[in-house]
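Right, I'll just put the structure down here and ask away after.
The values are calculated or read from the model by the stated rules, or taken from the named source; none is laboratory data. The structure presented is a predicted model; accordingly, all values stated were derived computationally and were not measured. For neighbour counting, all protein chains shown are included, and Cβ atoms are generated from backbone atoms with ideal geometry for every residue, glycine included. What goes into the accessible areas is simple: the full protein's heavy atoms, side chains included, and nothing from ligands, DNA or RNA. Shrake-Rupley method; radii C 1.70, N 1.55, O 1.52, S 1.80 Å.
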Amino acid sequence: MDKKELAEFLRRRRETLRPHDVGLVEGPRRRTRGLRREEVASLAGMSTDYYARLEQQRAPQPSVQMATALARALRLTLDERDHLFGLIGHNAPARFHRSEHVSPTLMRVLDRLDDSPALVLTDMADTLAMNPLATALLGDQTRHTGLARSAYYRWFMDPAERLVYPEEDHPHHGRAQAARLRVALTAGSDKPRAALILAELQQHSPEFVRLWELQEVAQRYDESKTIVHPELGRIDVDGQVLFTENRAQTLVVLTTRPGTESHSKLELLSVIGHQQLTP
């Protein structure tokens, strides 16, 4: 770990970003050039004290997960990300089809979406990033680990995953997850992991086995769906997607139709966030 070069690199990268580059409000009395340390720390999900010690050459070596979070927070390109990993003393993630590094293009769009829920998914249905409104609507989908990172796996193995959708829609969602997993198995970015998920589901989920036998294949994200929020109830949304060039990552934007009850509920959710409406 090259503490001196790492500290300089972090500081320089922080100074090149403006608040609007990462979806923050700049404010009229701002004197800091670029982002503040606490802003980078918040974006990376770490304490301000730890980030400050990185810039002061006093911190222990960040983990791979923390390095990935720093690269995302500072909106690094792949070249810059690899340089950051090298300074920290880790091998940079391989640059093949699949990547945990969110496309800078998708992140720029995500940063500017504050009135619509939006999230970045991989072709394995891992959620890499969510804006605050998406987290308020769907819950934090980035918290999962292991095979459960994939929504394909969670749908059939975690009953809590189904609470987000009306019960009458469950058969449709189950078929969609099985059909999308089939695409990932034959043309995806992480075929070994897709095969492992397939094996686990075939062993533990009779429902999945029945749907898998339908031999359905589909990659399209549903254009319209109903979300069940624990406080606000049913919210009808339309989905629009933006793919990276290699289609390994997808930005999903959820919108509601103006003038509808769902639109009013989403506006309310953007105000209350994670606050509970009832005792």
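Determine, yes or no, whether LEU201 is in contact (Cβ under 8 Å) with a residue 12 or more places away in the chain, part of a helix (DSSP H, G or I) and more than 28 Å from LEU43 (Cβ to Cβ).
Taking the combined requirement at face value, the residue satisfies it.
Does ALA160 satisfy the criteria of being among the small types (Gly, Ala, Ser), assigned to a helix (DSSP H, G or I), open to solvent by 40 Å² or more (accessible area, probe 1.4 Å) and within 24 Å of ILE235 (Cβ to Cβ)?
Yes, satisfied.
Here's another thing I want to ask about it. Restricted to the range 79-94, and to residues that are open to solvent by 60 Å² or more (accessible area, probe 1.4 Å) and closer than 27 Å to GLY23 by Cα, which residue is modelled with the lowest pLDDT?
Only one residue tops the list, namely ASP79.
The rows are residues; the columns are (1) farther than 19 Å from ALA129 by Cα; (2) not polar (S, T, N, Q).
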{"residue": "GLU5", "(1), (2)": "yes, yes"}
{"residue": "LEU24", "(1), (2)": "no, yes"}
{"residue": "THR68", "(1), (2)": "no, no"}
{"residue": "ALA71", "(1), (2)": "no, yes"}
{"residue": "ARG75", "(1), (2)": "no, yes"}
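Ok, one more. Suppose the filter is open to solvent by less than 20 Å² (accessible area, probe 1.4 Å) and at negative phi; does MET66 pass it?
The answer is no for MET66.
Let me ask another. Would you mind stating whether VAL183 is under 19 Å from MET130 (Cβ atoms) and out of contact with any Cys (no Cβ under 7 Å at 6 or more places or on another chain)?
No, not satisfied.
Among ARG149, ARG180, which is the only one that is touching a residue at least 12 places away in the same chain (Cβ under 8 Å), open to solvent by 30 Å² or more (accessible area, probe 1.4 Å) and closer than 25 Å to GLN65 by Cα?
ARG149
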